[in-house]
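Below is one structure, written out as structure tokens; the observations come after it.
Laboratory data are not the source of any read-out in this text; all were calculated from the coordinates shown. Here the structure is a predicted model, which is why all the values come from computation and not from measurement. Cβ sites come from the backbone with ideal geometry, for glycine too, and all protein chains shown count toward neighbours.
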Amino acid sequence: MHRAPRLVAVASAALLTGGLAACSSTSSAETTPESSEDWTPVTIEHALGTTTIEEKPERVATVQWANHEVPLALGVVPVGMAAANFGDDDGNGLLPWVEERLEELDAETPVLFDETDGIDFEAVADTDPDVILAGYSGLTQEDYDTLSDIAPVVAYPEAPWATPWQDMIEVNAAGMGMAEEGAELIESLEQEIDDAAAEHPELAGTATMFMTHVDTTDLSEVSYYTPADTRAAFFEDLGLATPASITAASTDPDKFSGSISAEQIDTLGDVEMIVTYGDQELVDALEADPLLSQMPAVRNGSIVLLPNTPLGTAANPTPLAIPWVLEDYVGMLAEAAAKAP
């Protein structure tokens, strides 16, 4: 079941006459926004204001996590983008699916912004962008205002770090004048997801919690990602279900994580499967805990352990990561779901 992408407020959004550049990491065709003479100004409303892009953006920069994957998937190479700061297994600042896509486009690595200590505004300005994409991000109002002095900025539609991958594609593609191509990319990826999930009917309806922030030395609380987080929201795309207990505990739509006291573990009696970052040490700790071991998912061994590798990183779905990880991730989920009651 897919959530329908929210239509961003676009005034006379310009659509391209060319075909879709890429619906997955397997295509190498390249597309650019329409010519300047055909451009119609695009206006996008988002959580931090309203952005109007008056002229065709030829130089696209992106900040924060994964926004660069939208132009790359559509065949547009950014002039600058954030370096990967999680899951980068070889230290080159690129996740493997991004590296592969650049190779397919026969493109050099763009300028990589070091965001270890926040956005490097000077580095962004040095790339001289025409538009800055940040549809999936945690921009503050101050960040947005500072970036807006450089170029028009496309920010997140509703809340920081809570933009579903479909909406990230939609809003960022609109900011490039590629709304039609963005819609086709969403449709193509959703079909890939449907096809993968259809091969594993055991996934359908399995109540799954994404457990996070686990300290094996202190299991007095159970922390989880709420349905607002993109990792947990991806379960729905795969046909899994959100446990009613997690939905009930996630009362603030702007928060992407929460916690429940282990003393209230009985409220999580509907959790059939757990996905989490960790290794066997974590499983051993859960099984040995007198309270957490009562959870059906723990009792039945229905636990998916994500490693601190690109595979684990890709559990947060992004346009290029989805086709790269889908087969492996769905296989791991299906194996654990088969143990659920």
* Given the range 36-196, what percent of its DSSP beta bridges are antiparallel, to the nearest 5? -> 35
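Kindly provide the helix-only [θ] at 222 nm of the chain, computed as the sum of -39,500 (n - 2.57) over DSSP H runs of four or more divided by all residues, to the nearest 500 deg cm²/dmol? Display every interim value, and only then the final one.
Details: 12 runs with 107 residues, N = 341.
Result for the chain, helices only: -9000 deg cm²/dmol.
Give the Rg/Rh ratio for the range 140-193, taking Rg as the radius of gyration of the Cα atoms and Rh as the Kirkwood radius, to two decimals. Write out the running numbers ahead of the final one.
On the way: Rg = 13.0 Å, Rh = 12.3 Å.
Computed over Cα atoms, the ratio is 1.06.
Please report 225, 136 as a ranked list, fewest other C-beta atoms within 10 angstrom at the top and most at the bottom.
Numbers: 225 25, 136 29.
Ranked by crowding around the Cβ, least crowded first: 225, 136.
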* **Per-residue ³J(HN,Hα) for the range 107-115, Karplus 6.51 cos²θ - 1.76 cosθ + 1.60, θ = phi - 60°, Hz, x for Gly and Pro** => 10, 6, 5, x, 4, 9, 7, 7, 9
* Asked: By its C-alpha gyration tensor, with a ≥ b ≥ c as the square roots of the eigenvalues, how is the range 228-286 shaped: rounded for a/c under 1.5, else prolate for a/b larger than b/c, else oblate?
  -> oblate
* Structure fact -> For the range 36-196, one quarter of the surface area of the C-alpha convex hull, expressed in nm², comes to 9.7
* To do: Report the full-extension gain for the segment residue 279 to residue 148: residue separation times 0.36 nm, less the Cα-Cα distance, to one decimal in nm.
  => 42.9 nm
* What is the set of long-range amide H partners of residue 131 at a cut-off below 5 Å, with H atoms built 1.01 Å from backbone N? -> 59, 61
* **Segment residue 140-residue 107, extension gain: residue separation times 0.36 nm, minus the distance between their alpha carbons** => 8.7 nm
* Structure fact -> Rounded to the nearest whole number, the per residue volume of the convex hull around the C-alpha atoms of the range 201-337 in Å³ is 98
* To do: Specify the inter-centroid distance of the range 167-246 and the range 287-303, based on alpha-carbon positions, in whole Å.
  => 24
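Given N residues in the range 260-315, what is its alpha carbon radius of gyration divided by 2.2 N^0.38 Å?
Numbers: Rg = 11.9 Å, N = 56, 2.2 N^0.38 = 10.2 Å.
Taking the Cα Rg and dividing by 2.2 N^0.38 Å, one obtains 1.17.
Using only alpha carbon pairs under 8 Å that are at least six residues apart, calculate the relative contact order of the chain and give it in whole percent. Kindly include the intermediate steps, with their values, before the conclusion.
Values: 710 pairs, mean separation 60.4, N = 341.
With pairs under 8 Å counted, the relative contact order is 18 percent.
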* Asked: In whole Hz, what ³J(HN,Hα) sequence does the range 120-136 give by Karplus (6.51, -1.76, 1.60; θ = phi - 60°), x for Gly and Pro?
  -> 8, 4, 5, 5, 4, 4, 5, 7, 6, x, 8, 8, 10, 9, 8, x, 10
* Structure fact -> log10 I(q)/I(0) for the chain, Debye formula on C-alpha points only (no solvent), q = 0.07, 0.08 Å⁻¹, two decimals, reads -0.30, -0.39
* **GNM top mover of 207, 244, 73 - the chain, alpha-carbon springs below 10 Å** => 244
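Counting DSSP beta bridges in the chain, what percent are antiparallel, to the nearest 5?
Values: 11 of 29 bridges.
Taking every DSSP beta bridge with both residues in the chain, the antiparallel ones total about 40 percent.
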